[in-house]
Structure formats: structure tokens, C-alpha cells
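The values are calculated or read from the model by the stated rules, or taken from the named source; none is laboratory data. Owing to the predicted nature of the structure, the values given are computational and were not obtained by experimental measurement. Note that we place each Cβ from the backbone using ideal geometry, even for glycine, and neighbour counts take in every protein chain shown.
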Amino acid sequence: MRTVAGRLGLFALAMLGLSVAMPAQAEVFDLPDNGDTVVGQVTTVESREWDTLLDIARRHGLGYYDIVRANPDVDPWLPGDGTEVVLPTRFILPDVPWEGVVLNLPEYRMYYFPPPEADGPRTVMTFPISIGRMDWETPLGVTRITVKARDPAWYPPESVRKEHEADGRSLPRVVPPGPDNPLGQFAMRLAIPGYLIHGTNRPAGVGMRVTHGCIRMFPEDIEFAFGRIPTGTPVRIIDEPYKFGWYDGQLLMEAHEPLESPAETVDAAPVSTLTRLTELYVAATGDRRIEVDWDRVEALHHAADGIPRRVDAAGVGETLVADQD
């Protein structure tokens, strides 16, 4: 049994980005051509004695919230040898044009839809990301990638330098490439001034709301994406915590924790979740006639574990394994 000191040591090790996780390759799926909108499968693995959930997540193309919310009863830092860990590697594709880069902020996930090759299948690549903190929100909208840089220097904006100074830390005006550069080895600048998609020297934070507005990726993921996403690629940034999708005639729903914004904490009128879910259901079903169990929709909305599950009445009562078939 490890001591409390040992547990804290593991936490410090992970947060410094020195985890023993072996990086995985990007998740790449063929796009459905039959009207379906779901890719991937939910699977499980057994943890090893020295694993943290962050180690397991990184090996399987997942971020922090992905794996923690899918495994609420598992200790993130000491899951234990032989513990069954759910891998939420099934995704309902966002209900936007399947082109370029799509960043769904409450999902902490990037989708890239590369141009199809001649006579080849259309594909989608997906990666976990970190996004802006509540006080440094990542902006929504449609933009594009304007510049790509290998081994970028970081020029901290004055606001970030002042924040560090207030905490008793100083930042130089320029942070050169190297292990202390928070941009990592690759960066892609957006047309929105001051915002980038970049790597990191602290990979344990991927999948959290921790940045100053930029999009942060695992080092291996940004390297993979950097070599495949050309300058000029459109980037669509959305805020969609709930998604409905189709798989083999079944209607599925995927729910994530909605992002809290400063406006919502003051006096902004709350948006009806039921209204939004109804709108998404109508958009997803269109002319299809299917009976939906709204109690199950409400339960998935409250669970917000990011795992797509059936909500059509025929699928009610099925287990997680049946839901993925």
C-alpha cells in the first residue's frame, strides 16, 4: 500500500509531464457513408500497478476529463493493479459540416476532416485538447489556420505577464524554443489574433480547462496534426455539450458537462437545457419516425460522462456493452 507521500509524489510527477505513459497514435476513422454519425467503440482495459488514469488516457487518445468522467469510481492517481477502466473512445460526430478542423470546447476534443484522396474513403482524425479557463475563454466562431511554426518562440502577452507577476513569478518577454516553452515543438496560428493550436511541455493538463484561451494538444498529437493540416484550413470552434447521432438505425446521445462562463455566473438568464435537447433531437431525427425515452435522455444529461448511449425506446435497459454494439 502506498503512503500519502507516495500518492502526492505521483501527482507531482504527472503534473510535471513526466508520466510513464507511452504516447498513442491519433484516432483515425473512416467516415460513415450510410447516414450514420457515430465512429469508434467503447472498450475497457485493466490498469497496471504503476498506471494513473492519465497514463491510460494518453495511451488511448483521451484527455483528463474524458477518462475521469467515464470512470467516476476509480482513483485517478492510484487506480490499482487490475482495475477495469472504461475507454470512452466512441464519438458522435459534431452536427456541423465535416470539413477542416472542428473544436468542440465542452467535449475537449478536436476533429479534423482531411480532404478525401482520389478514390479513397473519407476519414476523420480526433484528438483530446485543453481549452481556455473561464477567465480566459477560447472564442467561438469560424476562423482558419494562417501560419504553422516548428520550434516556436513564445511571446507572452502583457496580460499573461502581469498575471504571473501578481503570483510572484516573472516571465520574460520572449521564451525561446526548448523544454521551458509552453507551446511545445509545434504551433498553428489562427486568424483570431493571439490564439494558437499548439503542443505543450506539461502534457498532464491535456483534456482540462487550463489555458489562456489557446488550444493545447499532446506533443505526439500536435506533431501528427502539424504534418497533415495545411495552412488555410478552416477551423470551426463550437460549444455543444450535447449531441445526438445515428448508428445502425439506433439513436444515440452523448452528453458532456456544459462550460460555465463568466456571464452565466452574474445575471444572465439561464438557457433551457430541455429546449436545447429538443432542438438537437429534432435536427437529428428529421423525417425519421422513432420513439425516444426522455427519461433516459434526462439521465444521460445529468450523468454527462461523454459516452454515447442509445435513447431510442427499443434500446432502453441495455448495458454499456450492448450500447456499443
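The set of residues in region 122-150 being more than 13 Å from Ile237 (Cα to Cα), surrounded by fewer than 20 Cβ atoms within 10 Å (Cβ to Cβ) and either modelled with pLDDT of 95 or more or not assigned by TED's automatic domain parsing to the domain that holds Met110 (or both) consists of Thr123, Thr146, Val147, Lys148, Ala149, Arg150. For region 224-252, a residue qualifies if it is under 25 Å from Trp136 (Cβ atoms) and of a type in the set (Asp, Glu), and the qualifying residues are Asp239, Glu240.
I'd like to know if region 77-89 contains one or more residues that are within 27 Å of Thr211 (Cα to Cα), touching a His at 6+ places or on another chain (Cβ under 9 Å) and free of Cβ contacts under 8 Å to residues at least 60 places away in the same chain. Scanning region 77-89 turns up at least one residue that is within 27 Å of Thr211 (Cα to Cα), touching a His at 6+ places or on another chain (Cβ under 9 Å) and free of Cβ contacts under 8 Å to residues at least 60 places away in the same chain. The selection criterion, being surrounded by fewer than 18 Cβ atoms within 10 Å (Cβ to Cβ) and either β-branched (Val, Ile, Thr) or modelled with pLDDT of 95 or more (or both), does not hold for Trp50. Tallying residues that are under 20 Å from Asp221 (Cα atoms), part of a loop (DSSP other than H, G, I, E, B) and among the acidic types (Asp, Glu) within region 76-128 yields 1. Taking region 197-219 as the range and being in a strand (DSSP E or B) and surrounded by fewer than 24 Cβ atoms within 10 Å (Cβ to Cβ) as the test, the residues that pass are Arg209, Val210, Thr211.
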